[in-house]
Amino acid sequence: MRTAVQENSGRGCLYQSVAEEISRLIDQGMFRPGQRIPSVRALSRQLGVSVATVLEAYGLLEDRGSVEARPQSGYYVRSRSRARPAEPDISAPAMSPTAVSMGELVMMVLRDASNPDLVPLGATIPGPDLLPTDRLNRILSAVARRKGAQGASYAMPPGCEALRVQFARRALEAGCTLAPDDIVTTSGCQEAIVLSLQATCRPGDTVAVESPTYYNFLQAIEVLGLRALEIPTHPREGLSLDALRYALEQTPIHACLAIPNFNNPLGGSMPEEKKRELVELLAGHEIPLIEDDIHGELGFAEERPRAAKAFDRKGLVMLCGSVSKTLAPGYRVGWVAAGRFQKQVEHLKAVHNLATATLPQLAVAEFLANGGYDRHLRRLRKAAARQMEWLSRAVARHFPEGTKMTRPQGGLGLWVELPPGIDALVLYERALRAGITIAPGPLFSPKQRYRNFVRLNAGHWSDRTEKAVKVLGGLAAQP
Ligand SMILES: Cc1ncc(COP(=O)(O)O)c(C=O)c1O
């Protein structure tokens with residue numbers, strides 16, 4: 001026990017590490033429901049931490065519902081009276097192409113997401129303690145000094161070569177054999193998606209998307225004058241291929257835009273065989289798959305899953321990614337391997353903004369080559385998994401009876417289905433007044449379905465977050 005606590009000490013949340021260790025021992029059955037856990041003084045002696053730290057840790061466990069204090073007697077493991085809420089069902093959208101009109105709603109949520117006074121349960125952004133910002137900034141300064149004029153000049157499409165070499169290397173772990181020249185660097189994954197849509201679709205065309213889907217996809221579809229076709233999606237296994245097959249027979253579809261690994265907002269990851277089938281199904285119709293793999297390296301298991309691009313034999317899969325979830329969203333560094341659309345994407349990139357800023361590209365390239373990225377990733381994945389577990393437990397404990405939630409296998413979003421009749425947009429307003437931001441469900445559908453769903457961010461965690469979940473659960477239960 002001591003090692004893990006010591007490892008975490010100095011990061012400012014010692015009591016959370018203590019609480020986590022006790023939780024682990026409870027989960028492993030070392031302490032069973034009804035049994036007493038070590039006294040505050042005994043644990044403080046054993047761990048070499050203060051009595052106040054242990055008291056805070058036990059208070060946190062009490063808040064989470066894992067233990068209860070019995071006067072004059074100590075702390076006891078609670079029986080698990082409330083099982084973990086069920087998972088939402090596979091979605092069942094009406095499958096007809098829709099013009100999209102999301103703008104104002106999405107902008108409101110984006111604006112609130114950058115307000116530091118609000119508890120950030122809205123946008124799925126990793127907290128500052130999860131990112132190696134100091135190290136990355138130091139690398140950027142060193143690179144700026146070393147590269148001189150090169151750092152201040154354009155890195156014209158396809159973009160900075162050192163970075164493309166690193167991305168190509170990392171793509172191997174996703175099962176993709178790419179040359180640096182197969183890759184265009186972009187200003188984040190969002191630009192990679194927009195360029196891919198522009199390279200493959202014309203105004204009025206239809207794009208098949210998962211339902212629910214990431215709201216910025218819908219914004220892009222709206223602005224480009226495209227239509228979205230929602231496809232039923234399983235919370236753990238992704239797009240329904242039967243439904244997609246049916247849609248392909250019924251409607252002209254010009255591209256499919258999906259997040260097979262650690263979907264946003266569902267958190268699920270399509271099994272490998274299904275990815276292969278998806279790629280083959282679309283290839284049979286000569287339809288491009290725009291694959292958003294931004295969370296590919298953020299799975300909770302040891303190994304990262306392969307990308308659908310690994311099964312691409314016709315150059316029809318456009319693999320998009322970025323370092324926004326793993327290194328620095330503000331550096332705006334992303335990429336796309338656009339297959340047979342490579343030249344169009346390079347051209348469009350130049351038309352949009354000539355090139356992505358050079359220095360962040362060089363700094364990220366250096367970090368990936370020599371900055372201990374894999375070590376950082378291992379830590380990040382563990383922390384994300386842990387925070388997702390805490391968030392899930394807090395929702396299970398504080399949200400109204402009848403709430404359902406997903407079982408994310410990676411990423412930072414937890415998709416929560418509230419009991420019928422609870423309006424996520426009303427909850428959004430109430431939460432805002434209580435100093436909390438969330439992402440309401442209707443954002444994730446062009447027909448603004450998911451009225452009683454919210455997505456919560458597991459990227460930030462502190463006792464402020466835990467309290468906010470409790471407040472949110474109370475607000476949801478209000479008539
Ligand atoms: C699924 C998904 N794709 C793309 C983006 C945007 O990424 P970037 O900041 O790299 O543009 C996000 C950000 O939250 C995301 O969740």
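The values are calculated or read from the model by the stated rules, or taken from the named source; none is laboratory data. The shown structure was predicted, so the numbers you read here are calculated from the model rather than taken from an experiment. When we count neighbours, we look across all protein chains shown, and the Cβ atoms used for this are built from the backbone with ideal geometry, even at glycine. For the accessible areas, the whole protein counts, side chains as well, though only heavy atoms, and no ligand, DNA or RNA atoms are used. Shrake-Rupley method; radii C 1.70, N 1.55, O 1.52, S 1.80 Å.
Determine the principal axes of the Cα atoms in the chain, then give the extent along each, sorted from largest to smallest and rounded to whole angstroms.
Extents along the principal axes, in whole Å: 73, 56, 41.
So for the chain, averaging the separation of alpha carbon pairs under 8 Å that are six or more residues apart and normalising by length, what relative contact order in percent results? Present the calculation step by step, with values, prior to reporting the outcome.
Numbers: 941 pairs, mean separation 99.3, N = 479.
Relative contact order here is 21 percent.
So what's Rg/Rh here for region 118-237, counting alpha carbon atoms and using the Kirkwood radius for Rh?
Result for region 118-237 is an Rg/Rh of 1.03.
Write down the accessible area per residue of region 40-86 in Å², having rolled a 1.4 Å probe over the full set of protein chains. Present the calculation step by step, with values, prior to reporting the outcome.
Numbers: 2610 Å² over 47 residues.
On a per-residue basis, region 40-86 sits at 56 Å².
If you plug each phi of region 286-293 into the Karplus form 6.51 cos²θ - 1.76 cosθ + 1.60 with θ = phi - 60°, what whole-Hz ³J(HN,Hα) values come out, in order, with x for Gly and Pro?
Listing the rounded values in order: 6, 9, x, 9, 8, 9, 8, 10 Hz.
Tell me the per residue accessible area of region 144-282 using a 1.4 Å probe; a whole number in Å² is fine. If you can, show how the numbers build up before the last one.
Values: 5100 Å² over 139 residues.
Heavy-atom accessible area per residue stands at 37 Å².
In terms of modelled amide H atoms, which long-range or inter-chain residues lie less than 5 Å from the amide H of Thr437?
Val119, Leu121, Gly122
Express the carbon and sulfur contribution to the solvent-accessible surface of the chain as a percent, rounded to the nearest whole number, probe 1.4 angstrom. Don't skip to the answer; put the middle values down first.
Details: 9990 of 19620 Å².
Carbon with sulfur: 51 percent of the solvent-accessible area.
Using the Kirkwood radius over C-alpha pairs as Rh, can you work out the diffusion coefficient of region 345-449 via Stokes-Einstein at 25 °C, viscosity 0.890 mPa s, in µm² per second? Before the final figure, lay out the partial values.
Numbers: Rh = 17.7 Å.
My calculation gives 138 µm²/s for D.
Return the Rg/Rh value of region 210-293, two decimal places, where both radii are evaluated on C-alpha atoms and Rh is the Kirkwood radius.
On the way: Rg = 12.0 Å, Rh = 12.9 Å.
Rounded to two decimals, Rg over Rh is 0.93.
To make sure I understand the rule: partners must be aspartates and glutamates, Cα under 15 Å from the Cα of Lys314, and not fewer than 8 residues away in the same chain. Which ones qualify?
Correct list for Lys314: Asp182, Glu277, Glu280, Glu286, Glu291.
Taking the solvent-accessible surface of protein heavy atoms with a 1.4 Å probe, what is the per residue accessible area of region 423-479 in Å²? Intermediate results must be reported in sequence, preceding the final value.
Numbers: 1980 Å² over 57 residues.
Heavy-atom SASA per residue in region 423-479 reads 35 Å².
For the chain, which span is the longest to avoid every loop-located (per DSSP) member of trypsin sites (Lys or Arg not before Pro) having at most 14 other Cβ atoms inside 10 Å? List each step's numbers first, then the result.
Details: sites that count: Arg11, Arg80, Arg82, Arg313, Lys314, Lys447.
It works out to 83-312.
At 222 nm, what helix-only mean residue ellipticity would the chain give, in deg cm²/dmol to the nearest 500, using -39500 (n - 2.57) for each DSSP H run of four or more?
Numbers: 16 runs with 201 residues, N = 479.
It lands at -13000 deg cm²/dmol.
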